[in-house]
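Asker: What follows is a structure written as structure tokens; I'll ask about it next.
The values are calculated or read from the model by the stated rules, or taken from the named source; none is laboratory data. Please read all numbers here as calculations on a predicted model, not as lab measurements. Here the Cβ positions follow ideal geometry from the backbone for every residue, glycine too, while neighbour counts run over all protein chains shown.
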Amino acid sequence: MNAQAKIHLDRVVKKYPGSKVPAVEELTLDIPEGEILVLVGPSGCGKSTTLRLINRMIEPSGGRILLDGEDVTKANPDKLRRRIGYVIQQVGLFPHHTIADNIATIPKMLKWDKKRITERVDYLLDTVGLPPEQYRDRYPRELSGGQAQRVGVARALGADPDIMLMDEPFGAIDPITRERLQNEFLRLQEEMHKTIVFVTHDIDEAIKMGDRIAILGERSTIRQYDTPERILAYPVDDFVNDFIGNGSTIKGLNFLQVSSLRLSDYPALRESESAAAGLNLLQEKGRDWLVVLDGEGRPVRWASQEQLGQAGTGDMRGVGVEVGDHLKDENTLFEALELMVQSAAGRTCVVDDAGQFQGIVDMGHLNKAIRTAQSEARRHYEELEANA
Amino acid sequence: MEALSSWFTYVSANIDYIWESTLAHARISLIAVALATVFSITLGVIVQRRPLARTIVLTAAGILLTIPSLALFALFIPVFGIGNTPAIAALYLYAILPILRNTVTGLDSVSPAVVESARGMGLSTWQQLVKVRLPLAWPVIMTGIRVATLLTVGITAIAVLVGGDGLGTYVQSALTRNGLPNATEQLYVGVVFTVALGLVLDLVLAVVQRFTTAKGLRL
């Protein structure tokens, strides 16, 4: 058992009476403290059942559940649930209570004093981006789907639980609002460091939200359990590969940053230099495109050999085509790819914080970065196998 | 016109007795409905999630309504003797169905997601019932109570036949004295005051319903 595991499932089984095959078969799983673990899998694989076993909304038929090393398999389920935040797709706000009373549900059961509850409610409303003075006294039916789930999250955070269980929390929300909620939630999690188990059937959401992902097959068996980077770089079998679907390699670019690349030396000249000097440099380096810099050393245009040839004897002002957006160290290679395919030169410029030209990223860089990630992931799995 | 003015003359001459009968009528009806409310809500909560028990109980309550009212009143005479008690017992049985059915329907209408989240937050079964399920089912249950009240006020007129009080006395007197002076006036006292009582009680309950329904549920 992992020492820092906040939640530990030990050979947990769920078998429904009258059914020959178990819904969850001997599941052993460690969930590290302060991380988001995403359970993802095709519908009917038992991922929701697994989630609901943790707060014993569904009673396990066998095995043990440990929170902080404490066996809660036989603990009072109501008291257990008050320690665990629970968010569901349909939200389930109490329609007869105000937003404030909804959020105060657990603090009230825990008999917090009034002042503390009021402060907590206002704090949480602020946290989820709903101004308290505007929303406190409203009723759930006055909220949009996105707002309702914000309140759902605030309510789950009511008594500041260490653990949150989220069952497709953003599944019923329109794509634009969903993306916003996902981003806000990730930002929130950076401050909160809750231990979160998150269920979804959407692999893209899993990749985005998860510190780790468990891809589940039938009867909730774990097909692969790893970081999103490694799953994308090295799907262990056809099941995982099919589930991740097309474009997994490109999705993997999201996890690599421009700063990880070694930028090669690339010809660049200030636009005050002559076109002839530019042409010479290109021929000397054996390149097709020159980066034209402005007076401050910022990349402004791509100039091809042909364009430089036509420019005649003057300097390079106005020669070539716009470079478009630049990359910085913290950008991902996915963003690099996006800029690259839009660029006339098929490359994209990297600049430092001052906007000064640092080098370029081209397809070769991406190719190399991906192959490195893949071989690292493969080596990791080979080591695991060798140690097993 | 002449009939109307003679009716008003009769009413104003006998207003004290009529008022007394109306109050007795209201008392009999309301006691029956109150007893049926407590019983039906309890039973409804117990059977709502048990398909077999629920079918049995709802069918039984339905059958009770089909027993001819006169017979049902008479059936209780051997048990309670004559007077208001057998009448209240019979009315109580009639009032069960509307309240029971609406309790079950009201609890059915509570969103499963709301109950799921209540459970997920650690509300005990009792807290889920008292703090979530019943408050949400309440408008529907209250509607059942209002239907039961209207039904009961109408049938209470029969109480007189088992020795009970109420506005039925005027109807009975009109029937036995058919053709004699004031018989028609008495008949209309029975009809008009029973209907008026029903309307007033329904109005009172509508106000109660409004103020006992959580603000977030009001339309």
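Asker: Those residues that are among the small types (Gly, Ala, Ser) and over 28 Å from the mean Cα position of the chain (by Cα), I need them from the range A:1-22; list them, please.
Answerer: A:GLY18, A:SER19
Asker: Let me ask another. Can you go through A:ARG82, A:ARG120, A:ARG141 and tell me which one is on the phi < 0 side of the Ramachandran plot, basic (Lys, Arg) and modelled with pLDDT of 95 or more?
Answerer: From the options A:ARG82, A:ARG120, A:ARG141, the qualifying one is A:ARG120.
Asker: From B:VAL171, B:VAL195, B:VAL191, which residue is within 15 Å of the chain's Cα centre (by Cα), more than 14 Å from chain A (Cβ to nearest Cβ) and part of a helix (DSSP H, G or I)?
Answerer: Criteria check complete, one pass: B:VAL195.
Asker: Taking the range A:40-50 as the search range and keeping residues that are on the phi < 0 side of the Ramachandran plot and surrounded by fewer than 18 Cβ atoms within 10 Å (Cβ to Cβ), which one is farthest from the other protein chains (Cβ to nearest Cβ)?
Answerer: Of everything passing the filter in the range A:40-50, A:PRO42 is farthest from the other protein chains (Cβ to nearest Cβ).
Asker: Are there any pairs, at least 6 apart or on different chains, whose C-beta atoms fall under 8 Å, with the first in the range B:47-59 and closer than 21 Å to B:TYR94 by Cβ and the second among the charged types (D, E, K, R) and in a helix (DSSP H, G or I), and if so, which?
Answerer: Matching pairs, first to second residue: B:VAL47/B:ARG54; B:LEU58/B:ARG101.
Asker: Here's another thing I want to ask about it. Taking the range A:160-197 as the search range and keeping residues that are within 14 Å of A:THR127 (Cβ to Cβ) and among the aliphatic types (A, V, I, L, M), which one is farthest from the other protein chains (Cβ to nearest Cβ)?
Answerer: A:LEU186
Asker: Further, regarding this structure: Would a scan of the range B:176-184 turn up a residue that is touching a His at 6+ places or on another chain (Cβ under 9 Å) and of a type outside the set (Ser, Thr, Tyr)?
Answerer: no
Asker: Name the single residue, out of those in the range A:69-83 being more than 7 Å from every other protein chain (Cβ to nearest Cβ) and under 20 Å from A:ALA156 (Cβ atoms), that is surrounded by the fewest Cβ atoms within 10 Å (Cβ to Cβ).
Answerer: Once the filter is applied, the top-ranked residue is A:ASN76.
Asker: Let me ask you something else. Looking at the range A:212-227 only, could you name the residues that are within 13 Å of the chain's Cα centre (by Cα) and over 17 Å from A:LEU51 (Cα atoms)?
Answerer: The one that is within 13 Å of the chain's Cα centre (by Cα) and over 17 Å from A:LEU51 (Cα atoms): A:THR227.
Asker: Right, next: For B:ASN178, which of the numbered conditions (1) surrounded by 16 or more Cβ atoms within 10 Å (Cβ to Cβ); (2) modelled with pLDDT under 95 fails to hold?
Answerer: With (1) surrounded by 16 or more Cβ atoms within 10 Å (Cβ to Cβ); (2) modelled with pLDDT under 95 applied to B:ASN178, the lone miss is (1).
Asker: Mind checking whether some residue in the range A:130-146 is within 31 Å of the chain's Cα centre (by Cα), of a type in the set (Asp, Glu) and within 13 Å of chain B (Cβ to nearest Cβ)?
Answerer: yes
Asker: Here is a follow-up. Could you tell me which numbered condition A:ARG301 fails, if it satisfies all but one of (1) closer than 22 Å to A:GLU335 by Cα; (2) assigned to a loop (DSSP other than H, G, I, E, B); (3) not β-branched (Val, Ile, Thr)?
Answerer: Result: A:ARG301 passes all but (2).
Asker: Which condition number does A:ARG120 fail, the rest of (1) crowded, with 17+ Cβ neighbours inside 10 Å; (2) within 13 Å of chain B (Cβ to nearest Cβ); (3) in contact with a Gly (Cβ under 8 Å, 6 or more places away or on another chain) being met?
Answerer: (2)
Asker: Filter the range A:304-345 down to residues that are in a strand (DSSP E or B) and of a type in the set (D, E, K, R) and give me whichever is surrounded by the most Cβ atoms within 10 Å (Cβ to Cβ).
Answerer: So, considering only residues that are in a strand (DSSP E or B) and of a type in the set (D, E, K, R), the one surrounded by the most Cβ atoms within 10 Å (Cβ to Cβ) is A:ASP315.
Asker: Test A:GLY92 against the criterion of being out of contact with any Ser or Thr (no Cβ under 8 Å at 6 or more places or on another chain), small (Gly, Ala, Ser) and within 13 Å of chain B (Cβ to nearest Cβ), and give yes or no.
Answerer: no
Asker: Go through the range B:89-117 and report how many residues are buried (at least 23 other Cβ atoms within 10 Å of the Cβ) and within 11 Å of another protein chain (Cβ to nearest Cβ).
Answerer: Adding up the residues that qualify gives 1.
Asker: Could you identify the single residue in B:VAL207, B:VAL140, B:VAL147 that is within 14 Å of chain A (Cβ to nearest Cβ) and assigned to a helix (DSSP H, G or I)?
Answerer: B:VAL140
Asker: As an exercise: evaluate B:ASP165 against (1) surrounded by fewer than 15 Cβ atoms within 10 Å (Cβ to Cβ); (2) among the charged types (D, E, K, R); (3) away from chain A (no Cβ under 14 Å) and give the number of the one condition it does not meet.
Answerer: The one condition B:ASP165 does not meet is (1).
Asker: State yes or no: is A:GLU59 within 14 Å of chain B (Cβ to nearest Cβ), more than 17 Å from B:SER117 (Cβ to Cβ) and either in contact with an Asp or Glu (Cβ under 6 Å, 6 or more places away or on another chain) or surrounded by fewer than 22 Cβ atoms within 10 Å (Cβ to Cβ) (or both)?
Answerer: For A:GLU59, the condition - within 14 Å of chain B (Cβ to nearest Cβ), more than 17 Å from B:SER117 (Cβ to Cβ) and either in contact with an Asp or Glu (Cβ under 6 Å, 6 or more places away or on another chain) or surrounded by fewer than 22 Cβ atoms within 10 Å (Cβ to Cβ) (or both) - is met.
Asker: Among the listed residues A:LEU53, A:LEU37, A:LEU93, A:LEU27, identify the single one that is touching a residue at least 12 places away in the same chain (Cβ under 8 Å), buried (at least 22 other Cβ atoms within 10 Å of the Cβ), more than 17 Å from A:VAL197 (Cα to Cα) and not polar (S, T, N, Q).
Answerer: A:LEU93
Asker: Touching a helix residue (DSSP H, G or I) at 6+ places or on another chain (Cβ under 7 Å), crowded, with 19+ Cβ neighbours inside 10 Å and under 29 Å from A:GLU142 (Cα atoms): is that true of A:ILE65 in this structure?
Answerer: no
Asker: Would you confirm, using the coordinates I've provided, whether A:LEU66 is under 27 Å from A:ARG187 (Cβ atoms) and touching a residue at least 24 places away in the same chain (Cβ under 8 Å)?
Answerer: no
Asker: Starting from the range B:193-219, keep only residues that are closer than 19 Å to B:ILE15 by Cα, then list their pairs with residues that are of a type in the set (A, V, I, L, M, F, W, C) whose Cβ atoms are within a distance under 6 Å, requiring at least 6 positions of separation or different chains.
Answerer: Note: pairs meeting the criteria are B:PHE193/B:LEU167; B:THR194/B:ALA157; B:THR194/B:LEU167; B:LEU197/B:ALA26; B:LEU197/B:VAL153; B:GLY198/B:LEU150; B:GLY198/B:VAL153.
Asker: Within the range A:96-116, restricting attention to residues that are within 32 Å of the chain's Cα centre (by Cα) and among the hydrophobic types (A, V, I, L, M, F, W, C), which residue is surrounded by the fewest Cβ atoms within 10 Å (Cβ to Cβ)?
Answerer: The qualifying residue surrounded by the fewest Cβ atoms within 10 Å (Cβ to Cβ) is A:ALA100.
Asker: Condition first: buried (at least 19 other Cβ atoms within 10 Å of the Cβ), in a loop (DSSP other than H, G, I, E, B) and touching a residue at least 60 places away in the same chain (Cβ under 8 Å). Now tell me which residues in the range A:223-237 satisfy that.
Answerer: A:TYR234
Asker: Among residues belonging to the range B:118-133 that are aliphatic (A, V, I, L, M) and within 10 Å of another protein chain (Cβ to nearest Cβ), point out the one that is surrounded by the most Cβ atoms within 10 Å (Cβ to Cβ).
Answerer: B:MET121
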